[in-house]
Every structure is written in structure tokens, then in C-alpha cells.
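Rule-based calculations on the coordinates, nothing more; no lab input. From a predicted model like this one, the values you see are computed outputs, not experimental measurements. Cβ placement follows ideal geometry from the backbone for every residue including glycine, while neighbour counts extend to all protein chains displayed.
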Protein chains: 2
Amino acid sequence: MFFETHRDLLQAAVDANQTRSAWTGYTAIAPPECGQAEDIVGSYDGATLCLSVQTPSRITADEVSPYTGKALNVTYSAPSAEEALGGAARAAVALRDADVELRVGVCLEALHRIHLRGREFAAITSHTTGQSLAMACSGSGTNALDRGLEVVAMVWAAMSRVPPEVTWQQTFGTSEVTLRKRFRARPLGTALVIACASFPAWNAYPAILANLATGNPVLVKPHPRSVLATAVAVSVIREVLAEAGLPTDAIQLVVDTVDDPVAARLATDPATRIVDFTGSQSFGTWLERNVDNTLVFTETAGVNTVILDSVRDLPAAMRTLAGGLSLFSGQMCTTPQNIYIPDAGVRTDHGPVSRDDVVAALRSAIDDLAGAPRRAAAVCGALQSEATRQALDALTDRAAADGTLVRRPSAYVHPEYPQARAVTPLLVRVDPRRGDPLPDGEQFGPVAFVIDCADRESAVEHATASVRRHGAISSYLYCTDDAAVDAIADAYADAGASLSANLVSSMPMQYAAAYSDYHVTGLNPAGNATLTDESFVAGRFRMVQDRRQVRG
Amino acid sequence: MFFETHRDLLQAAVDANQTRSAWTGYTAIAPPECGQAEDIVGSYDGATLCLSVQTPSRITADEVSPYTGKALNVTYSAPSAEEALGGAARAAVALRDADVELRVGVCLEALHRIHLRGREFAAITSHTTGQSLAMACSGSGTNALDRGLEVVAMVWAAMSRVPPEVTWQQTFGTSEVTLRKRFRARPLGTALVIACASFPAWNAYPAILANLATGNPVLVKPHPRSVLATAVAVSVIREVLAEAGLPTDAIQLVVDTVDDPVAARLATDPATRIVDFTGSQSFGTWLERNVDNTLVFTETAGVNTVILDSVRDLPAAMRTLAGGLSLFSGQMCTTPQNIYIPDAGVRTDHGPVSRDDVVAALRSAIDDLAGAPRRAAAVCGALQSEATRQALDALTDRAAADGTLVRRPSAYVHPEYPQARAVTPLLVRVDPRRGDPLPDGEQFGPVAFVIDCADRESAVEHATASVRRHGAISSYLYCTDDAAVDAIADAYADAGASLSANLVSSMPMQYAAAYSDYHVTGLNPAGNATLTDESFVAGRFRMVQDRRQVRG
């Protein structure tokens, strides 16, 4: 039933994915007013959500709004690893034996219902992750739904490429043998999806839906300080599963605490056959190396680079870059971190601009954004975690002591929430040639390092070495020479990274479009899972066949 | 050039793979006469084949014909792991940067040339593996070529599903942004292919060609006692690579010895990113668990079961089963091992036949085959390894002592080679209900256990438990009730195994057709790699993209 309802949408997604052109399956979500958002979040105050196999254990999660500073005070059922794995095992057969169309239909209907409740999700996302309401409606709203739909379309396409049966005839010696063969897709086993605190939907929806559509029961383990948005998404899916006559425990929420984490225990259980992880590079690497006999998909972090060589319009480029550094306070895996500027400065249509002037223009563009409270609030949002602010303060102090500080990460004045964990980007300027240190990996949050370098070639060399060592999820270049863009794209590709050139527009530079942009190459240390290539989908199901002789 | 030459063949293979109907890309190869085959093998006596990066090291492999007992006396260049990995790394860039059509063309042309030299390959295969010349022309000849072509077609189809570029337009706010995006497939890294002694081509061709077509340089590590057929295949590919202007070291042969194996060292090197292994379950499992950050594809072994419930024509079924047990002296991963017969015997169109009579009929069918030397030679071939004969003798002695021996694995009289390592199947009959032991896993070689069981249900229960514990690559059923076949196929599928029912024909029961039959489900302990599903192909390349703003 659900499948038929959404069949046209599914086909359109398959088509968009094949052309990789711009398309969306979901109308834009209008952000709620601040007061409405608070009311929505407040309606969960004191609630207990049971989104797993029956268990008496409860955890009141440590969720605090980055805007109001108020605890959300939501309690979740908290099954042990054993209970959750047992529940998944009990749900497995019914999910496995359900028709693919039924499972795909459940996925599509769940996306539809999450979209219908888009404002509610945006409110909750904002008050758990710190995303602005606008971003929660797009990045964690329609864009996340599109990435989810994209993966459902890819599962559907992959499964549709195998015929359900064939009558097979071949001559052996003098006799013709006829076999009737059936080909049936089967799931791999219990799947674990580990979501991150600041951007849970965009990565989790694809993993969850890829698993459900292929018939693998799912345990969703959100970050212990950012549970509610994921919990409500899981509740929607459970509701749709029930209406489809499937066991609700085909998806369960598993809640843990910072002090007593359960992810490693779940990931290493022999019953767990698939793990999808978004989070730190250290835990991602641990999973890749320590979880045997299991498909492990990771999206972690890298050091994203920007090379400034030449631009048409410097102020436009600096506005774009300032926006990129500020967007969601640098808490995106696509946020630029290291910005290379050659000794000769940046060439523009109006002549070369010295490096000092470029740095000043960038600082000024950030200041402009930071000084416009309403715009700053919409762009920057708030820091999800107090730990990020502390790390930022420590970096600032060190840069001030080093003499490398260009811009302090001053708080902008949030128009609605004076107590919001609001910051603007820290800018540090270093010259590795004189021994200035660079951090050994990603600095989470709004911090960028302007790196003085000899010329474009040395910038490419340093940046691609950084990709190889630290990984990169997005890389950026400003260069008006198209042949040079080709060559630099080759150099990044050789290092296993994608490249975006000359983005100066109303499109945020780190925007990655479902159906079109590949996110994470799998060819550098920033993770092995690509949203969305066929390897993200193919191994989650396998084929069993039977054949019987009907003649010969 | 090569691509255009073979384009129609490639397209036909893509089509066959989509319909999964019977098709072959290669005309049958006529086996050489025995004398011709010996001449072909003799022409390599004293030869030195250098099929790797330049190295002064040489190994004269311990290859002895299972037919003549004569040493082949072929010497191979033997690069160290470091040398081979270094050579692969040096070849990597040119292979990676070659156009996909060029790489696919090389694969297709290599298959074509191997086919043209089919009789030579058959002669060498026969005198290294023990396969009969007829089987070496089919199972290691056209069938292996077809499995290779199938995987090239799948790589081509997978890569063709991603457009090379798109002009992408989307409105942000009030402005339309236009990006030009390119999508480029990139290989993962150095690939290691470890081939087995008795059936090297069928599994190695797909792995080798999947890697080359996706741009990963390949190290091929044959079994130290079965090198030459693989070596000549590698030499053909190197020859085609050179003609295509690509580095020959994009594929290298790495030869080791039984006493100083190199596979684990190569597999665990950080530069190795893909491993394909055919061989023992123990080393396969070790690879799956110990090789980090690497795609590991395994095809190992399992205990293949046969359930005898009911048949139309008992003699025909017993002839087929006797042929299945005898084919290549049971040295195939698809050979049946455990044969279940219920207490009530087997129902036939002519009434029930008691278990004792069924066992007698099976023994008699094997005796008939064994007693016809020319046919026995064509079917059974010879044992590749003396160790297999010793293990078989030990099992025979134990069964004789236990009172479970039904048929001794007597040597058949080979019409050409009286000194051939020729045997016929050992039959043992056990009843687990009275405590008779069954081996804990696969018994390599021509040995089958007839298992007395209560009824069909208990047979299914015991057999599927065996699949879960030991794995299975092929499973067989004889049952005239189609609804029961469905139910039993479900039970096997639930255990992660495929099922073939009611095979009574000139088609060998373990025949697996390229483009149609999935080989190894990946859902039980017999391995994780399926010939050929999309997961066998998808992860061997990843996508890098670049996008540049052209308007907006």
C-alpha cells in the first residue's frame, strides 16, 4: 500500500540519481517561530519514550538546549545490549520475509511522515544539536530526507537489477536441460547505526533506510547528549512498521550514557553484521580495525582545505568563505579548516591583492556576518557542546600567546537567546616555513588556519599531503584558470579527495546535494562510506537461489 | 582498440547477466590428445618465466603432473613481497589513469587470447591440477572465461551507471546556481589474488579482471604446487597490457614455496587494499579477521549436503549423484559430501526403495563409472595432491575399523596413465543417532557420507545445522513434491544456502553457470564473496568528483 502511494516519487528519485541532476523529493519546510519551537520541545518535558524491545531500564538523557540552556528532561527506555540484540533477532525473520516492496514502502512512508512533521523535527533538532531553525529545516530536514530517499532508490534499483526467476535452458551433450531458477535477496543480519551529536539525521537516515529496505533489523544508537530528534524519527518508523504489519522492533533505539557507552559492545557482538558510524576518526578507525566479519561503514572527519589562488570578485569569495567558516559554527564535517594563501597574494579581476589584505577581507567578512545578529543566528546557530567552546578558548589563548591570532571567536548577540552558546569563527594565521605548528587533525568547531605558503604549487602539495595524512571530506579551490583547476582536481583526486572550485554564491559552499554529490570518497582517512555509491548498498543483502530441473 | 573489437561480446554478456539466462561468450574448446598435451607441457620443461617486476630471485616450483608423475621443471621469477608491492605501486598510476574502455578492452582481449590458446591451457591445467583434459577445456576453460567475462560486464555496467559529468542547476534564495560536475571512478589500491591448487582459473579470472577493469594493480599468488596455468594466464594479460601501452607490472605473478609462504605477508601489508582468496576455510577466516582496512573476498569450503526424499527415476538420480561424487575426484568446492536417506527409504514412481537398496544403487552406479576406464578418466581425472590420497586412505582405514565402510576408493585404471593418481569415491555410511561420528567440516577429495536419518524433516534439520556450522557452497535435494521443495529451499535459504533440486541429466550436478548462477551466498561460513553479485564489484572502485561554479 505504502509502496504504491510513493511509487512515482521513488521512480523520480531513481531517475535523478541516474542523471545526478538537481532534484528534491520534498517541499521546503518553513521554520517554526522560536516560541513555537520551544513549545514543541517543551511538550516532551517529562516524557518517557519507549522505542525498543520491552525493558524496565530507563535513562533520562543528558540533553540540554544549546539555546536556552534548559535540560530537555526526556527519558528513554534503555535496553541492554543483550536485550536489544535479542529483540532485533526476534524481529529479523518477519522483516526478512516481507516483500521488498513492503519494506521499501515503509521507508518511503516514514520519510513522508517525517517530512509532514518537519517543523517539529526542526525544533527538536535545533534544541539538541544547536543548528539554527533554518538549517534544521534544510540540512537536517529536506536534505536529510533526500539523502534517505536517494538510498532507498538505490536499494530498489539494485534489487530490481536481479530478476526474481528465470527458466534456463542449455544443451549438454545431446540433451537440452531446463531449470527453473529463483533468485531471492536476503539480509545480512543485525545492523547498528551510531549517530553523532551535531548532525544526526543526514547520515543516519541513509544507513537506517538502507538496512531496513534490504531487510536488516536496525539498532540506532544516538549520541547520549543528542537523542530526541533521532528518537522521534525511530518512533515514526516504528509506527509505520506496525501499520505495515511488521514488528516494531525491526528498529530500536538504544540509549547509553557518556560514562557507560554501549557502542563497542554492540558493534563487536557476533550477531551484529553491519555497523554504520558517524563520529570521531579515532573510534571510526577502531571500528574499521576491530570489528570482524562485519560490514563497517564510517564517516568520520578530516582537515578540509581551501586554496586561494585567483578570483573574479574577492569580496564575493570572502563572503562565501566567511559563510562557510561560520555555517553551524564550523560543526560540519564539510567545514573548511586550512586556508592557503600564496606569498604573491590572490589575483583578481582588479589586479593582485596582497595576502595581508586578503586576510583582512576575510576577517572583515566574518565580522560583518557576526555583527548582524539575525543573520548570524540563522547561519551560525550554536555550539552543541560545551567541550567545543572550551577547546576553542584554549586554541585562542595559544594563538594569542604565539602571536598567530587573527580573529577571536567572539560571541555574536543572539536576537532571541542571549544565553545561547553562540560563537563566531576563530582565525589563526601560521607560516609552516618558519615552524608555526598546525594541529594534527581536525579541530572541531569554528576555527580556521590561514596558511602562508610560497605559491599555488606548494599549497597543493601541502594540502594534498594533509589529505593523505588526516583525510578530507570536502576540499575547496579558488582559481580562475580552468586548466589549473583541472590539474589541481587531479592532484586532489590522486590524494583520494573531491574538489569544489570557485563557489561564490548563495549556495553554502559545503552544500552536498543528494542524488548528485558523492559525500566521502572512501579513499582517504576520513571514512570508508560514500553517500551514496553502490558499495554503500550492495553488501547489505546477498542472493540465495534455488534451481530445480523441470525438463531434460 | 581492444574495446571496440569486443564491444558486442561485452554487451551480450551484460544482457545475459541481466536476464540470467543461458549464454556463453566462447565456443567450446576441443581437448588435445594426451600426447599433444604432454608435448605442450613438455615444451615448458626447463623454461624460466619472468612475470613480475625485475628481480634476480628464481624459484623452480614443485609442480608434478598428477598423471605422469613427472616434474614440470618450470622456473619462475620470485620477487619478494617488497619488490612485488613496489612494482605494483609503480604501475598503479598509469593503470588508474587509463580510460575505463582501455582497461576493459585489455580484459576482454586477454580472455579472447586465453580462449584462442584453450588447448594449451587445458594441457597445462590438466597436468598441474589433475583435471581431465575435457574438464580443463570446460570448467577451467570456457566456464572460467565466461565467469571472467561476466565480471568484466558487471564492472562495465556498474561504471556506466554513473554519468561522467552533469551540469547541475538549483535555485538558492532568488539566484540560480550552475555547477559543472565531473564524476571519476578511482581504484582502491594494490590487489592480491590468491589462487588454489586444484581449480585456479574459475575463481582467479573474475578477481583478477574485476581488479584490472577497475584500475587496481594485481599480484597473483598461485598455490606453490600449481603455478603454470596461472602463470601463462598472467603472461597473456601482461602481453595485452604492453600492447595497450600500459605497464606490464599492473599484473605480476608472485611465486612462493610451501615452506616459506608469502600470502599473509602480502595480505597484511598496508599497501594491499583488496584480497581475493580461494582455499581453505581456516586461512580464509584468518584473512577475514586479521586483514584490516582491506576488502577481503573469500571462497573457501563447506559441507555440501544431499537429501534423498523422492525421485521419479532412481537409477537416473543415482547415476547423476555418482557422477557428482566422482567428478574431478571430489576436488571441487561444489562436490556433495553428506547424503541423507530417511528410514523409510526413497519414494519413486515405482514405489518406495529401502535405504539399503538406495545405498546399493549408489554404490553400483559409482562402480559402473569406475569400471569404464575411458569414462572414469574423463570424469574423475586425478588427485592433485598426494596429501589428499593419504587423507583418503586414513579415512578408509577408520571406516573399515568402525564398520561404516560402504565402498573403498579403489583406483580406476587410467587408459593412458597407469601411474596417474586415480581414485574413485569412498562411501561411508553413518547413523548419528547411534553415535557414529561425522567429520567436523569438509573432507577434501572423493569421499561421501551416507547419513541414516529418521525422515525428511530430520534430514533438513541436520543438514541446515551443518550449513550454519560448516558452511555450504552447493546443496542438493531430490524430492518430487514441488511444495516441499519450496519449503526446503526456504529452510536452506534461512541457513544462508542455495539449493538445487532434482538434477538428473547430462548436466553435472555441480555445474554453476556464469551470468546465471550465484556461487557462494556470503551468508554462511563457506566464504563472503559471491560470483558474481554487485558487492563483488562495487567496492573495488570509488568515486571522486569535482564541481566548479560556472554561473550564479
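From other protein chains only, count the Cβ atoms within 10 Å of every residue's Cβ in A:490-503, then give the mean.
Whole-number average of other-chain Cβ neighbours for A:490-503 is 5.
Can you tell me the orientation of helix A:482-494 relative to chain A, as the angle in degrees between its alpha-carbon axis and the longest Cα principal axis, to the nearest 10?
60
Can you tell me the relative contact order of the stretch A:450-517? Whole percent, Cα pairs under 8 Å, sequence separation 6 or more.
32
Which of the three applies to the stretch A:1-108, rounded, prolate or oblate, going by the alpha-carbon gyration tensor with a ≥ b ≥ c and a/c under 1.5 meaning rounded?
Verdict is oblate for the stretch A:1-108.
Under 25 Å Cα-Cα from A:Lys221, which lysines qualify once same-chain neighbours fewer than 8 residues away are excluded?
Filter leaves A:Lys70.
Give the relative contact order (percent, whole number) for chain B; include only Cα pairs under 8 Å separated by 6+ residues.
Taking the mean separation of contacting Cα pairs over the length of chain B, I get 18 percent.
If you fit an axis through the alpha-carbon atoms of helix B:118-129 and take the longest principal axis of the Cα set of chain B, what angle between them do you get, 0 to 90°, nearest 10?
60
Could you tell me how many degrees, from 0 to 90 and to the nearest 10, lie between the Cα long axis of helix A:2-19 and the main elongation axis, the longest principal axis, of the Cα atoms of chain A?
50
Using the charge dipole of the stretch B:270-358 (Lys, Arg: +1 at Cβ; Asp, Glu: -1 at Cβ; taken about the Cα centre), state which of B:Met318, B:Phe297, B:Pro336 has its Cα farthest towards the positive end.
Checked the options; the winner is B:Phe297.
Please name which of A:Cys453, A:Pro373, A:Thr424 has its Cα lying farthest along the dipole of the protein assembly as shown towards the positive end, using unit charges on Cβ (Lys, Arg +1; Asp, Glu -1) and the Cα centre as origin.
Towards the positive end, the residue furthest out is A:Pro373.
Tell me, what is the FRET efficiency for B:Asp45 and B:Ser282 to the nearest 0.05, using R0 = 56 angstrom and their Cβ-Cβ distance as r?
Plugging the Cβ-Cβ distance into 1/(1 + (r/R0)^6) gives 0.95.
With a cut-off of at most 13 other beta carbons within 10 Å, and DSSP calling the residue loop, which GluC sites (Glu not before Pro) in the stretch B:1-51 qualify? Please list them.
Those that pass, being in a loop and sparsely packed, are B:Glu33.
Roughly how many debye, to the nearest 20, is the charge dipole of the stretch B:340-384 about its Cα centre, given +1 on each Lys and Arg Cβ, -1 on each Asp and Glu Cβ, and no other charges?
It works out to roughly 220 debye.
Where does the charge balance sit around A:Leu477 when Lys and Arg score +1, Asp and Glu -1, over other residues with C-beta under 10 Å from its C-beta?
My count for the surroundings of A:Leu477 gives 0.
What does the charge dipole of chain A about its Cα centre add up to, to the nearest 20 debye, if the Cβ of each Lys and Arg holds +1 and the Cβ of each Asp and Glu holds -1?
Result for chain A is approximately 1260 debye, rounded to the nearest 20.
Can you compute the charge dipole magnitude of the protein assembly as shown about its Cα centre, using +1 on each Lys and Arg Cβ and -1 on each Asp and Glu Cβ, nothing else charged? Give it in debye, rounded to the nearest 20.
380
Specify the inter-centroid distance of the stretch B:155-227 and the stretch B:342-382, based on alpha-carbon positions, in whole Å.
That distance is 47 Å.
Over what distance in Å are the Cα centres of the stretch B:475-552 and the stretch B:248-287 separated?
Result: 25 Å between the Cα centres.
Please give the net charge around B:Gly69, taking every other residue with its beta carbon less than 15 angstrom from that of B:Gly69, where Lys and Arg add +1 and Asp and Glu add -1.
Neighbourhood net charge equals -2.
Can you check what the net charge comes to around B:Gly215, using other residues whose Cβ is under 11 Å from the Cβ of B:Gly215 (Lys, Arg +1; Asp, Glu -1)?
Every neighbour counted, the sum reads +4.
Can you give the relative contact order of the stretch A:294-411 as a percent, counting alpha carbon pairs under 8 Å and 6+ residues apart?
Value for the stretch A:294-411: 26 percent.
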